[in-house]
Amino acid sequence: MFKNKIAVVTGGAGGIGKAIVSEFRRSGAETAVIDIIQNDYFTGDISKQAVLEAFSKKVIADYGHVDFLINNAPPVMRGISQCTYEEFNLALQVGVTAPFYLAKLFMPYFSEGASIINISSSRDRMSQPQTESYTAAKGGISALTHALAVSLAGKVRVNSISPGWIDTDYTEYSGPDAVQQPVYRVGNPMDIANMVLYLCSDKAGFITGENICIDGGMTKQMIYHNDFGWKLEQS
């Protein structure tokens, strides 16, 4: 389906990113990965402007164009009690600035029918305590998605995916961890990779500026103390 297509994937050496890369390759695409983890294409820190510029130059020198840009690299998660100024800025650099700058760097080289997919999080709309740096970055990339979709209208479709609980080790959970979710299971990286490839395909040609939440229905579930067995335990 994606023969001769070029897919750029940040954070593509592990977890969700690795599954995305594997599925693109299985579908015939060439992949260009950047990650702080050692990999077979480009190892580097996407919070650094010079690294992003060097990476984009290599991609264009190697392939000449980009069909799909998948902004997947995760920002650091730190809470307000312990997060430093530098850590909060780092989260935004990885989670928002790098996706924006890569879109800008590749803008002249996107092919006809190109897509950008930003990996956000269900934390862009709900929170646990002490997650401010990660949550702010994920909220930022969700908003960046519709802004880019409008700015790149007619050139590139831009969408985002907000995963819920995704176990990157493919652990199969039972009991409350599973049945608290309306689909009765915890997610795995393929749940996200499948949607990435769909959104990049011609089948999704009328979809842009959208955020698709893949969370087993958790964000649609109302929870109140003493309702349906739910209990709030306060420390």
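The values are calculated or read from the model by the stated rules, or taken from the named source; none is laboratory data. Treat the numbers as computed from the prediction; the structure is a model and nothing was measured. Ideal geometry is used to build each Cβ from the backbone, glycine not excepted, and the neighbour counts take in all protein chains shown.
Below is a table of values for the structure above.
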| read-out | value |
| --- | --- |
| Some residue of the range 210-224 being assigned to a helix (DSSP H, G or I), β-branched (Val, Ile, Thr) and over 23 Å from the mean Cα position of the chain (by Cα) | no |
| Single residue of the range 101-133 satisfying the filter (in contact (Cβ under 8 Å) with a residue 60 or more places away in the chain and outside any strand (DSSP E or B)) that is surrounded by the fewest Cβ atoms within 10 Å (Cβ to Cβ) | Met126 |
| Test result for Leu144, crowded, with 17+ Cβ neighbours inside 10 Å and not charged (D, E, K, R) | yes |
| Which numbered condition Thr168 misses (of (1) in contact (Cβ under 8 Å) with a residue 60 or more places away in the chain; (2) buried (at least 20 other Cβ atoms within 10 Å of the Cβ); (3) among the hydroxyl-bearing types (Ser, Thr, Tyr)) | (2) |
| Where a residue in the range 75-96 is more than 19 Å from Asn118 (Cα to Cα) and its partner, wherever it lies, is hydroxyl-bearing (Ser, Thr, Tyr) and part of a helix (DSSP H, G or I), with Cβ under 8 Å and at least six apart | Arg78/Ser133; Arg78/Tyr134; Gly79/Ser133; Cys83/Ser133; Glu87/Ser133; Phe88/Ser133 |
| Candidates Val196, Val183, filtered to the one that is within 26 Å of Ile6 (Cα to Cα) and modelled with pLDDT of 95 or more | Val196 |
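One line per residue, one yes/no per condition, for (1) at pLDDT 95 or above; (2) within 16 Å of Ala137 (Cβ to Cβ); (3) not aliphatic (A, V, I, L, M):
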{"position": "Met1", "(1), (2), (3)": "no, no, no"}
{"position": "Gly15", "(1), (2), (3)": "yes, no, yes"}
{"position": "Gln49", "(1), (2), (3)": "yes, no, yes"}
{"position": "Asp67", "(1), (2), (3)": "yes, no, yes"}
{"position": "Thr84", "(1), (2), (3)": "yes, yes, yes"}
{"position": "Asn89", "(1), (2), (3)": "yes, yes, yes"}
{"position": "Val94", "(1), (2), (3)": "yes, yes, no"}
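Matching residues to (1) surrounded by 15 or more Cβ atoms within 10 Å (Cβ to Cβ); (2) of a type in the set (Lys, Arg); (3) under 22 Å from Val76 (Cα atoms):
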position: Thr135; (1), (2), (3): yes, no, yes
position: Gly140; (1), (2), (3): yes, no, yes
position: Leu152; (1), (2), (3): yes, no, no
position: Glu172; (1), (2), (3): no, no, no
position: Pro182; (1), (2), (3): no, no, no
position: Pro189; (1), (2), (3): yes, no, yes
position: Ala193; (1), (2), (3): yes, no, yes
position: Val196; (1), (2), (3): yes, no, no
position: Asn211; (1), (2), (3): yes, no, yes
